[in-house]
Amino acid sequence: MKFVKSLFACLVIFNAYSIQAEEAAPQEFAQGFISDELFIYMHSGAGNNYRILGSINSGTEIKLTNEEENEYTQIIDTRGRTVWVESKYVSAKPGLRYIIAELNEKLANIESVGADLDGQLNEANNNTEQLISDKKKLNSEISSLNTELTEVKSQLKDQDMNIKREWFFNGAIVLIIGLVLGLLIPQLTARKKSSMDSWK
């Protein structure tokens, strides 16, 4: 009897040690999903006769422990509980609700990106319109400056012509005065000589 008690105590200690070792070493579990039923019950063991621990919604992502028995599969739910559900409701692929939710999320992201792109496009269009307006203003200013430049060139040309005319007239006047003096001085000197000769 004492030997049986000792053996039983050793088994209890060994069992507790193995449980602690399992808890200490984290295991890698496969990903799974609950198929497209509204909800299913979770049991504490592999069968309907085991206690119901709650329900789980369709499309829920779960972890598979790879334990199967009596057409039941052991899973780890989102709260970290190890439970059993009927194998026919467990799938390695996501259900339609999960896919739809994922697609809706992707669609929302795409719409958000589309809205951002629309905003950037509108901003680019506004910038383009502003650039076009600035270009028109610059072209108008360039045209105005070209007109002013043409007028200034015309004024300079007229001014050059006026200066040339003025020099021409001044030169002509000087020439005429020179000719007059050239003609008058000899006559005056000749008259002086003749008048002096007559006085003699």
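All other residues whose Cβ lies under 15 angstrom from that of HIS43 are scored, Lys and Arg at +1 and Asp and Glu at -1, for a net of -3. For the listed peptides 183-190, 71-78, a ranking on the average number of other beta carbons within 10 Å per residue, highest first, reads 71-78, 183-190. Determine the shape class of the stretch 27-94: with a ≥ b ≥ c the square roots of the Cα gyration tensor eigenvalues, call it rounded for a/c under 1.5, and otherwise prolate if a/b is greater than b/c, oblate otherwise. Because its axes are fairly even, with a/c under 1.5, the stretch 27-94 counts as rounded.
Electrostatic tally near ALA124: other residues with Cβ closer than 14 Å to its Cβ, Lys and Arg +1, Asp and Glu -1, net -4.
Just so you know, all these numbers are worked out from the coordinates, no wet-lab data involved. All values derive from a computational prediction rather than experimental measurement. FYI the Cβ positions are ideal-geometry reconstructions off the backbone, even for glycines, and counts take in every protein chain you see.
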